[in-house]
C-alpha cells in the first residue's frame, strides 16, 4: 500500500464471509473487513483487531486504535448502507419511505442492536443521502481514476 509503505497482495474472494473464513483457516494473513462481520471472531479471540478505520475508537473494541492514531490521518472510512428507490419515484412515496426508514433507525431496539454490532444508526433526508452518495462517489471514483484501476 502506497500510504503505509507495506507490500501486500490483494486476494479476491466472493465476499467478506469467505475471506474471513480463509483468514480463520490461516490462508491469507490479514483482512480488512466490516466490523459487524468480524466482531464475534475478535471477541472470541480467533482473530486480532489491529486498527479500525473510523475517526474514533469503537465502543465494542475500546483498546483497538484508529488508523489515525497509528499515524495515517487520511485512512478514515465508514461502511454505510442506504435505502434507494428508482429514479422517477413520486416525491410523496420517497417521503413516506424516508419517514419509515428514519423511524426504524431511531427505534430503541434497532439502536441497541446496531450499537451491539458497532454500527451507528443514522437517518437522513433524501437530499443529505444524495450529497453523501455524490461525495463518496467522487472520493472513491477519484481514487479509482488516479490508480487506473480496472476490472479483470
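Of all the criteria given as (1) free of Cβ contacts under 8 Å to residues at least 40 places away in the same chain; (2) within 16 Å of the chain's Cα centre (by Cα), the one not satisfied by residue 74 is (1).
Please work out if residue 12 is free of Cβ contacts under 8 Å to residues at least 12 places away in the same chain and not in a loop (DSSP other than H, G, I, E, B). Here the answer is no, as residue 12 does not meet what is asked.
Can you confirm whether residue 64 is closer than 24 Å to residue 119 by Cβ, touching a helix residue (DSSP H, G or I) at 6+ places or on another chain (Cβ under 9 Å) and assigned to a loop (DSSP other than H, G, I, E, B)? Spelling it out, residue 64 is indeed closer than 24 Å to residue 119 by Cβ, touching a helix residue (DSSP H, G or I) at 6+ places or on another chain (Cβ under 9 Å) and assigned to a loop (DSSP other than H, G, I, E, B). If you go through segment 96-119 and pick out every residue that is without any contact (Cβ under 8 Å) to a residue 24 or more places away in the chain and either more than 25 Å from residue 35 (Cα to Cα) or outside any helix (DSSP H, G or I) (or both), you end up with 5. Would you call residue 30 assigned by TED's automatic domain parsing to the domain that holds residue 6 and in contact with a strand residue (DSSP E or B) (Cβ under 9 Å, 6 or more places away or on another chain)? The answer is no for residue 30. Taking segment 15-41 as the range and being free of Cβ contacts under 8 Å to residues at least 40 places away in the same chain, within 17 Å of residue 70 (Cβ to Cβ) and in a helix (DSSP H, G or I) as the test, no residue passes.
Quick one: which of 127, 70, 85, 119 is outside the structural domain of residue 11 (by TED's automatic domain parsing), surrounded by 11 or more Cβ atoms within 10 Å (Cβ to Cβ) and more than 24 Å from residue 17 (Cα to Cα)?
The match here is 85.
The values are calculated or read from the model by the stated rules, or taken from the named source; none is laboratory data. Given the structure is predicted, the values throughout are model-derived calculations rather than measurements. For neighbour counting, all protein chains shown are included, and Cβ atoms are generated from backbone atoms with ideal geometry for every residue, glycine included.
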